[in-house]
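First the structure, in the form of structure tokens, and then the observations on it.
The values are calculated or read from the model by the stated rules, or taken from the named source; none is laboratory data. Everything quoted here is computed from the prediction, not taken from an experiment. Don't worry about glycine lacking a Cβ; one is built from the backbone with ideal geometry, like all the others, and counts go over all protein chains shown.
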Amino acid sequence: NFGPQFPMLLTTLLGNEASTSSQVKLLDIQFSPTFAGGFQGPRFGIEGVRKHLGVFGRPILLNMIKPCTGFGPETGAALFAEVARGGVDIIKDDELLGNPSFNTLARRVEAYRRAADRVYEETGHRAAYCANITDRIDNLVENARRAQELGASMVMVNAAAVGLGALHMLADDKAIAIPILAHSAGAAALTENPRSGIASPLLLGKLVRLAGADAGMFNSIYTHYPFLRERYLRIAHMQRMPLFHLKPTLPTIGGGITPANAVRIIQDFGPDIMLAVGGAIQGHPDGAAAGARAMRQAIDAAVHGVPLDEQARQHPELKRALEVWGQ
């Protein structure tokens, strides 16, 4: 009764009895090859994102600019530059910063691109920029195309707010030739009731991937949020497991990430992940560049099997971070 599209898929599976007369939670969907074949899935996937960013052999380090909002593009560009000097791979807007009059998407992309160019000239390291394009549905494609045209390396959309159909629309647009990061803010409203809604591994793992997200965000369990370990592990499994012709989505873990728990996350998932780190970079006592270096030092320790305390003896930025956030 419908083709490869999300609005009717979810209406069928979550409507009728599931939404009106039965306490039922949707845990998983087994797709036929014919139905799944109607979806392109991620255009880049993990390997493509790595090539696009030039990062191989270790987790990709992402920072979201803090504070979340309340600043103009030039202030944001200064924050961008400081973090970039510390060696972060990609810097994104916080999900709370959209397209306000005081810091429009277009002005922000241009300012951050100039900041990235300056830091590259100084250091030889180029940090990429991921622009938040979350907006009314009728603005999404234009936002993505405009961000790409002005120099963004990736775009982010809150798939939990705009819907899987909107994410699917963006991923299928051939003019959008940069990776798409699907944010998950608000997804818990759909997933956390034990007797209704949809399981988080299905929504944030399999369906986000089917819709075409090259990277998909979900919460760490090493924070105060009561997220079950089994669900956390299963989201990444569904993002990366063999699934018809679909490329894998890059698991992007955020929420209270510090150098110490970053090592535990890498132990959980291996190197093919992206770590989304905010406060542990901007909140480092020696500044954001030092915070970025501390995170890179922790990642290197995890990848090479070096104990964190041993790594900290060689790197003052990491040592200071561990004094603040512990081991």
Problem set entry | Filtered residues of segment 172-195 (kept if among the aliphatic types (A, V, I, L, M) and either in a loop (DSSP other than H, G, I, E, B) or surrounded by fewer than 23 Cβ atoms within 10 Å (Cβ to Cβ) (or both)) | Ala175, Ile176, Ala177, Ile178, Ala185, Ala187, Ala188, Ala189, Leu190
Exercise. Is it true that some residue in segment 55-70 is surrounded by fewer than 15 Cβ atoms within 10 Å (Cβ to Cβ), in contact (Cβ under 8 Å) with a residue 24 or more places away in the chain and hydrophobic (A, V, I, L, M, F, W, C)?
Worked result: yes
Exercise. Counting just the residues of segment 134-159 that are in contact (Cβ under 8 Å) with a residue 40 or more places away in the chain, hydrophobic (A, V, I, L, M, F, W, C) and over 17 Å from Ser184 (Cα atoms), which one comes out surrounded by the fewest Cβ atoms within 10 Å (Cβ to Cβ)?
Worked result: Leu150
Seminar exercise, completed: Pairing a residue in segment 111-123 that is under 16 Å from Pro73 (Cβ atoms) with any residue that is surrounded by 13 or more Cβ atoms within 10 Å (Cβ to Cβ) and of a type in the set (Val, Ile, Thr), where Cβ atoms lie under 8 Å and the two sit 6 or more apart in sequence or on different chains, gives Tyr112/Ile91
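Residue-by-condition table, conditions (1) at pLDDT 95 or above; (2) in contact with a helix residue (DSSP H, G or I) (Cβ under 7 Å, 6 or more places away or on another chain); (3) of a type outside the set (S, T, N, Q); (4) within 22 Å of Ser200 (Cβ to Cβ):
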site: Leu9; (1), (2), (3), (4): yes, no, yes, yes
site: Gln23; (1), (2), (3), (4): no, no, no, yes
site: Gln30; (1), (2), (3), (4): yes, no, no, yes
site: Gln40; (1), (2), (3), (4): yes, yes, no, no
site: Gly48; (1), (2), (3), (4): yes, no, yes, no
site: Val55; (1), (2), (3), (4): yes, no, yes, no
site: Leu61; (1), (2), (3), (4): yes, yes, yes, no
Problem set entry | Conditions (1) closer than 28 Å to His284 by Cβ; (2) at pLDDT 95 or above; (3) in contact with an Asp or Glu (Cβ under 6 Å, 6 or more places away or on another chain); number of the one not met by Phe80 | (3)
For this session: Would you check if there is a residue in segment 110-127 being in contact with a helix residue (DSSP H, G or I) (Cβ under 7 Å, 6 or more places away or on another chain) and closer than 23 Å to Ser184 by Cα?
Result: no
For this session: Please indicate, with yes or no, whether at least one residue in segment 18-34 is charged (D, E, K, R) and more than 17 Å from the chain's Cα centre (by Cα).
Result: yes
Problem set entry | Residue match in segment 164-182 (condition: out of contact with any helix residue (DSSP H, G or I) (no Cβ under 8 Å at 6 or more places or on another chain) and farther than 24 Å from Gln267 by Cβ) | yes
For this session: Return yes or no: is Leu27 touching a residue at least 40 places away in the same chain (Cβ under 8 Å), among the hydrophobic types (A, V, I, L, M, F, W, C), surrounded by fewer than 16 Cβ atoms within 10 Å (Cβ to Cβ) and within 30 Å of Pro194 (Cα to Cα)?
Result: yes
Exercise. Does Arg195 satisfy the condition of being modelled with pLDDT of 95 or more and basic (Lys, Arg)?
Worked result: no
Exercise. List, please: which pairs have Cβ atoms under 8 Å, are six or more places apart or on different chains, and start with a residue in segment 231-255 that is closer than 26 Å to Pro194 by Cβ and modelled with pLDDT of 95 or more and end with one that is of a type in the set (Phe, Trp, Tyr) and buried (at least 21 other Cβ atoms within 10 Å of the Cβ)?
Worked result: Tyr232/Phe218; Ile235/Phe218; Ala236/Phe218; Pro251/Phe218; Thr252/Phe218; Ile253/Phe218; Gly254/Phe218
Seminar exercise, completed: In segment 291-327, residues that are of a type in the set (Gly, Ala, Ser) and under 21 Å from the mean Cα position of the chain (by Cα) total 5
